[in-house]
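Here is the structure we will look at, set down as structure tokens.
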Amino acid sequence: SKEVNIMYNGIDKDFKNKLLSSYSSNKVINPKKIKIVYVGRLSYWKRQDLAIDTLYYLRKNNIDASITLIGDGPDFEKINTQVAKLNLQDYVDIIYGIPQMDLPELIKQYDISMFLYDNGNLGNALWEACLSGQLIGVKNSGDLKGIFEDGINSIVFEDKSSGEIIAKKIVKGLLNKNVNLFGKKIQLKVDGIIKCWEERINFELNYIKGQ
């Protein structure tokens with residue numbers, strides 16, 4: 001059998017350095033008051049609806065939680081309807097049109113970067129949150145490749161989990177005595193995986209030459 005090598009996207013060197021430098025070791029998460037950020041196009045498979053359901057159950061469990069959705073797309077009205085139906089208007093913000101270089105300063109204001117996509121969670125938005133040293137809450141849609149370890153460097157939700165189950169998992173994860181170290185651990189791991197574009201291209205060329 002042939003060896004299979006996985007090569008992830010590269011990243012601009014200056015942007016990567018900005019992400020890495022945005023990490024703060026002084027950040028302490030209050031498990032009773034959490035701010036969630038969710039980056040992704042407002043589209044059905046990105047599952048902002050599930051994130052809103054999760055917020056509903058967090059607040060139902062007496063957690064002072066809020067969420068900011070960063071992105072735009074066809075599900076904008078659908079999401080606003082869901083938010084109104086659940087009476088969450090005061091706890092949900094939607095922001096769009098953020099320049100990429102402004103993202104590190106923005107997302108570091110939040111406690112958890114959450115990703116509940118139906119597939120393809122290993123995209124640029126997730127890598128960028130990891131490189132920022134964010135606490136990551138991610139759904140295991142079958143593509144996490146052993147990078148994300150529940151209770152060690154992230155909070156991992158099982159695929160097909162409901163908003164209620166995800167909310168319970170977040171509450172449990174935030175009570176982990178090492179939760180404030182998860183961000184640094186995932187940052188170090190992803191820093192070794194996601195290469196700057198020049199390094200990434202050279203790696204690919206060298207791999208091809210070696211075949």
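The values are calculated or read from the model by the stated rules, or taken from the named source; none is laboratory data. As the structure is a prediction and not an experimental result, all values here were calculated from the model. With ideal geometry, Cβ positions are generated from the backbone for all residues, glycine too; neighbour counts draw on all protein chains shown. Accessible surface areas use protein heavy atoms only, side chains included; no ligands, DNA or RNA. Shrake-Rupley method; radii C 1.70, N 1.55, O 1.52, S 1.80 Å.
Values as computed for the structure displayed
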| item | result |
| --- | --- |
| Net charge of Cβ neighbours under 14 Å - reference N62; Lys, Arg +1; Asp, Glu -1 | +4 |
| Along each principal axis, Cα extent of region 1-125, largest first, Å | 51, 38, 33 |
| Alpha-carbon centroids, region 168-211 and region 5-44: separation in whole Å | 11 Å |
| Percent of Cα-Cα distances greater than 28 Å, calculated over region 79-211 | 25 percent |
| Carbon plus sulfur fraction of accessible area for the chain, probe 1.4 Å, in percent | 49 percent |
| Region 126-195, accessible area per residue, ligands and nucleic acids excluded (1.4 Å, Å²) | 41 Å² |
| Per residue accessible area in Å² of region 9-65, where ligands, DNA and RNA are left out and the probe is 1.4 Å | 52 Å² |
| Largest-first ordering by accessible area, 1.4 Å probe, given options L188, L135 | L188, L135 |
| Per-residue SASA entry for R200, accessible area with 1.4 Å probe, Å² rounded to 10 | 40 Å² |
